[in-house]
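Chemist: Please read through the structure below; I'll follow up with questions.
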């Protein structure tokens, strides 16, 4: 069964350092999402891609966060510099079809980030 | 604007008892509604979804939910809890032109 892949699964970094997360969605899924999930809370959308274009990044802290999906397939989320409050689970999800009904999102296992 | 409210951050039930997890939504247009389950240190897995049509939706692992427009609710139920049901459950809402909104989650504990 096809799955969304994410790496690394766990990351510990010191504040002010740069960190990057990678996501490979299910093949053929045009829509890709990055979420941040703080412990004890629900996922919060950071950025949504349709193919290689950003559809929604209204909640992305653009002073330190960046996301790209250059070829419309895999994606990278970067934080520079990391802050203590960035400690969270970062989830990637993908969905199909391209527009209209959102259908369900398929989630990857997430990357647990700890900033010390 | 839309939002999702999950009543009860923690729910405990005995094994074999009814599971009821509550979700209310706020949306100015008919929404799509979803329930997801999350096990520790894992991503979210879809349990069921309501888009259009029948308001009683059946999902995986014996769960079901009913969309009640008059009550703006989408409560999740399961007739008989199993130990493997212990997890975090999230209700989510989506409507065209907006984004997915997740509730804050309900942690389900199943007591043997």
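Chemist: Going residue by residue through segment A:3-12, is there one that turns out to be closer than 14 Å to residue A:111 by Cα, more than 9 Å from every other protein chain (Cβ to nearest Cβ) and part of a loop (DSSP other than H, G, I, E, B)?
Modeler: Looking for residues that are closer than 14 Å to residue A:111 by Cα, more than 9 Å from every other protein chain (Cβ to nearest Cβ) and part of a loop (DSSP other than H, G, I, E, B), one finds at least one in segment A:3-12, hence yes.
Chemist: Would you be able to tell me the number of residues in segment B:13-55 that are under 15 Å from the mean Cα position of the chain (by Cα), away from chain A (no Cβ under 11 Å), in contact (Cβ under 8 Å) with a residue 40 or more places away in the chain and not in a strand (DSSP E or B)?
Modeler: 1
Chemist: Let me ask something else about it. Within segment B:54-65, identify whether any single residue is out of contact with any helix residue (DSSP H, G or I) (no Cβ under 6 Å at 6 or more places or on another chain), at pLDDT 90 or above and closer than 11 Å to residue B:21 by Cβ, and answer yes or no.
Modeler: yes
Chemist: Another one. Scanning for something under 15 Å from the mean Cα position of the chain (by Cα), within 21 Å of residue B:37 (Cβ to Cβ) and surrounded by fewer than 14 Cβ atoms within 10 Å (Cβ to Cβ), does segment A:6-17 turn up at least one residue?
Modeler: Yes; the residues of segment A:6-17 include at least one that is under 15 Å from the mean Cα position of the chain (by Cα), within 21 Å of residue B:37 (Cβ to Cβ) and surrounded by fewer than 14 Cβ atoms within 10 Å (Cβ to Cβ).
Chemist: What pairs come out if I take residues in segment A:34-49 that are at positive phi and pair them with residues that are crowded, with 20+ Cβ neighbours inside 10 Å whose C-beta lies under 8 Å away, six or more apart or interchain?
Modeler: Every condition considered, the pairs that remain are A:40/B:105.
Chemist: Taking segment B:68-112 as the region of interest, how many residues are buried (at least 19 other Cβ atoms within 10 Å of the Cβ), over 13 Å from the mean Cα position of the chain (by Cα) and within 14 Å of another protein chain (Cβ to nearest Cβ)?
Modeler: 2
Chemist: So, in segment A:84-100, how many residues would count as being over 20 Å from residue A:7 (Cα atoms) and at pLDDT 90 or above?
Modeler: 2
Chemist: How about segment A:14-66: which strands (runs of 3 or more DSSP E) wholly inside it have at least 2 residues that are more than 14 Å from chain B (Cβ to nearest Cβ)?
Modeler: Because the criterion is at least 2 residues that are more than 14 Å from chain B (Cβ to nearest Cβ), the strands (runs of 3 or more DSSP E) in segment A:14-66 that meet it are A:19-24.
The values are calculated or read from the model by the stated rules, or taken from the named source; none is laboratory data. Note that the structure is a prediction, hence the values are computed from the model and not measured. Glycine also receives a Cβ, built like all others from the backbone with ideal geometry; neighbour counts cover every protein chain displayed.
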